[in-house]
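Accompanying notes for the structure given below.
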Amino acid sequence: MQWSQELRKTLEKTFQRSPALFSVSALHLSVRHRSLEPENLQKNWLREFYQVVHAHKPHFMALHCQEFGGKNYEASMSHVDKFVKELLSSDAMKDYNRARVYLDENYKSQEHFTALGSFYFLHESLKNIYQFDFKAKKYKKVTGKEIYSDTLESTPMLEKEKFPQDYFPECKWSRKGFIRTRWCITDCAFDLVNIHLFHDASNLIAWETSPSVYSGIRHKALGYVLDRIIDQRFEKVSYFVFGDFNFRLDAKAVVETLCAKATMQTIRAADTNEVVKLIFRESDNDRKVMLQLEKKLFDYFNQDVFRDNNGTALLEFDRELSVFKDRLYELDISFPPSYPYSEDSSQGRQYMNTRCPAWCDRILMSHSAKELILKAENDEKIVIYDHIGPNVCMGDHKPVFLSFRIAAGAGKRCLQSEKIFRETTL
């Protein structure tokens, strides 16, 4: 949507007078490595998180967690409870006098369990904030601090769904799904969707085709979520979708590029003749091994390619979002791949050799939601899309955050843009 220069300047001045800073963050909180104690992970994670909160001072903050306890949820329950208690009572969060926490803790329900956790914090200076009741179909003023867990299906302030089993039949008990909440701030209504999509079960299968079969599964699941949040049951509003999309680089194209001058050796299982390993060697240089590929092994000899210039040279292989370019928008990525980082507490910048590093953790938005994000007249950087804890072990995923401000009147522009965008894309 095009705005006249005069109108844009007026809006930006209004925005500068009434900054409502809004920050979102996507992360994992799941410990899989025995050498990394949960207490140390939480301590590191919270310290880095509080630093970001202090630096950006958001008035409204949304925090989306995936694998919140993960496969060993029952054993991890005490750590989850400790994390929640610390987050709500910490000195760093003392100015946030209202909060809503939604934890899917019903791990005994195979049909419904998603291991998702959604946290929302409201600064004391922020007035008249409302949350949507999906059952009553009306907004309710947010007051106090409340925690909801166990059976979220009966909570009217959110929508939660787990993807059907046939979406990913390889996984007997997938926890993938989404949680949706709706908010109204400064007369602007928007949805916040916590999402966790399907992973690549095998590097070898992912390498076979371009795009991979797993990319198609994620495409189907994300399309389902987007259709669900704009269906006819409720008024259409702008939306932000963030969490672990499990987006991967195009494995076949990446390998062909990284190993362009290599020869490939195929190793098969003696009993089934199934391919179990691929070895790529340099044609000369004493046939040095460049890459070893197995179901859960991606061992490339030079990890610097994923870190140099934040790995941006590999963004050309990050193609899964392009299918949704008419429905979703993302700010430019300037941080390194968010997964899979080492869970060794002394290796905060090191990737594990289990998967090809990729930007799994993302913050996406509808095109109309872009109208919430305004640029300042000066050179001040007020929109920041980055990761947290670049040099510290944060688990196998680095949290990702987006910080921006909402201008006064953004809600009306947002609704108008949503209507125009829908009409022009029908």
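The values are calculated or read from the model by the stated rules, or taken from the named source; none is laboratory data. Computed from a prediction, not measured in an experiment: that's the story for all the values here. Here the Cβ is made from the backbone with ideal geometry for all residues, glycine too, and neighbour counts use every protein chain on show.
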Practice problem: Only one of these is more than 22 Å from residue 196 (Cβ to Cβ) and modelled with pLDDT under 95: 299, 284. Name it. | Solution: 284
Quiz item: Identify, please: which residue in region 321-339 is in contact (Cβ under 8 Å) with a residue 24 or more places away in the chain and small (Gly, Ala, Ser) and is, among those, nearest to residue 383 (Cα to Cα)?
Solution: 334
Quiz item: Going through region 219-256 one residue at a time, which ones are of a type in the set (Asp, Glu), closer than 20 Å to residue 162 by Cβ and not in a strand (DSSP E or B)?
Solution: 227, 231
Self-check item: Selection from region 236-264 of residues that are in contact with a His (Cβ under 7 Å, 6 or more places away or on another chain) and among the aromatic types (Phe, Trp, Tyr)
Solution: 242
Quiz item: Can you spot a residue in region 65-86 that is under 22 Å from the mean Cα position of the chain (by Cα), part of a loop (DSSP other than H, G, I, E, B) and modelled with pLDDT under 85?
Solution: yes
Practice problem: Enumerate the pairs (first residue in region 32-56 and closer than 12 Å to residue 83 by Cα; second residue anywhere and in a helix (DSSP H, G or I) and at pLDDT 85 or above) with beta-carbon separation below 8 Å, excluding pairs fewer than 6 apart on the same chain, so at least 6 apart or on different chains. | Solution: 42/82; 42/83; 42/86; 46/83; 46/86; 46/87
Exercise. Please specify each residue of region 224-257 satisfying the condition of being of a type in the set (S, T, N, Q) and surrounded by 22 or more Cβ atoms within 10 Å (Cβ to Cβ).
Key: 238, 246
Quiz item: Any chance region 378-390 includes a residue that's within 30 Å of residue 41 (Cα to Cα), surrounded by 20 or more Cβ atoms within 10 Å (Cβ to Cβ) and of a type outside the set (A, V, I, L, M, F, W, C)?
Solution: yes
Quiz item: How about region 143-213: which strands (runs of 3 or more DSSP E) wholly inside it have at least 1 residues that are of a type in the set (Ser, Thr, Tyr), in contact with a Phe, Trp or Tyr (Cβ under 7 Å, 6 or more places away or on another chain) and surrounded by fewer than 20 Cβ atoms within 10 Å (Cβ to Cβ)?
Solution: 145-148
Practice problem: Restricting attention to strands (runs of 3 or more DSSP E) lying wholly within region 265-350, give those where 1 or more residues are surrounded by fewer than 16 Cβ atoms within 10 Å (Cβ to Cβ) and aliphatic (A, V, I, L, M). | Solution: 275-282, 289-294
Quiz prompt | Close pairs (8 angstrom Cβ cut-off, 6 or more residues apart or separate chains): of a type in the set (Ser, Thr, Tyr) in region 295-320, at pLDDT 95 or above and part of a helix (DSSP H, G or I) anywhere | solution = 300/258
Exercise. State which residue pairs qualify: first residue closer than 16 Å to residue 298 by Cα and inside region 266-288, second residue in a loop (DSSP other than H, G, I, E, B) in any location, beta carbons under 6 Å apart, and separation of 6 or more residues or different chains.
Key: 276/269; 280/259
Quiz item: If residue 109 satisfies every condition in (1) more than 21 Å from residue 241 (Cβ to Cβ); (2) crowded, with 19+ Cβ neighbours inside 10 Å; (3) not aromatic (Phe, Trp, Tyr) but one, which is the exception?
Solution: (2)
Quiz item: Restricting region 181-228 to residues that are among the acidic types (Asp, Glu) and at pLDDT 95 or above, which is nearest to residue 249 (Cα to Cα)?
Solution: 200
